[in-house]
Amino acid sequence: MLKNGILNPALLELLARFRHTNTIVLADRGFPSWPQVPTVDLSLTANIPTVEQVLAAILEQCTVGPAFMAREFKARNSTAVVGAAAEQLRAHGIKLLYEKHAIFKNRVPACIGLIRTGDMTPYRNIILESA
């Protein structure tokens, strides 16, 4: 029986396939469904869990290279929210790249999986690339 770390079997299965240069999406609750991308839905209620919480668990188990977010995240949220998101990645040595939301969404079909959270923060979606 697992006692520590990520306990969700579907999430563990996805992370086991998250290898060099693979990408996964960590999404807020409003992110569209992508039928061709396997989805692990962790949403429970509003803001449970948040992207920040799930990302923290993933970063404890995975080596992540660059991360991508939509520029709209910076435009639609406070500097405190934007700064906290960037700092969480920076603390793990992860380079964060911002791009237009349309370009961000064009990356999704190539991802090996999508993790949906209950996060209500606008544009709080992030694509992680395995190092």
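How far is the Cα center of region 1-34 from the Cα center of region 37-110, in Å? First find each Cα centre; the distance between them is then 13 Å.
Close amide H pairs (under 5 Å, H built 1.01 Å from N) link ASP41 with ARG116, residues at least 5 positions away or on another chain.
Rounded to the nearest whole Hz, the Karplus-based 3J(HN,Hα) values (6.51 cos²θ - 1.76 cosθ + 1.60, θ = phi - 60°) of region 94-99 follow the sequence 9, 7, 9, 10, 9, 8, with x at glycine and proline.
Residue exposure proxy: LEU7, LEU55, ordered by other Cβ atoms within 10 angstrom of their Cβ from fewest to most, comes out as LEU7, LEU55. Taking amide H positions as modeled 1.01 Å from N, with prolines and chain starts lacking one, the residues under 5 Å from VAL64 and 5 or more places away or on another chain are ALA131. Here the sum of -39500 (n - 2.57) over DSSP H runs of 4 or more residues, divided by the residues of the chain, equals -9500 deg cm²/dmol at 222 nm, to the nearest 500.
Translational diffusion of the chain, estimated by Stokes-Einstein from the Kirkwood radius over alpha carbon pairs at 37 °C in a medium of 0.692 mPa s, is 224 µm² per second.
A short reminder: the numbers here are calculations on the coordinates, not readings from a lab. Here the structure is a predicted model, which is why all the values come from computation and not from measurement. Counting neighbours? That spans all protein chains shown, and the Cβs are built from the backbone with ideal geometry, glycine included.
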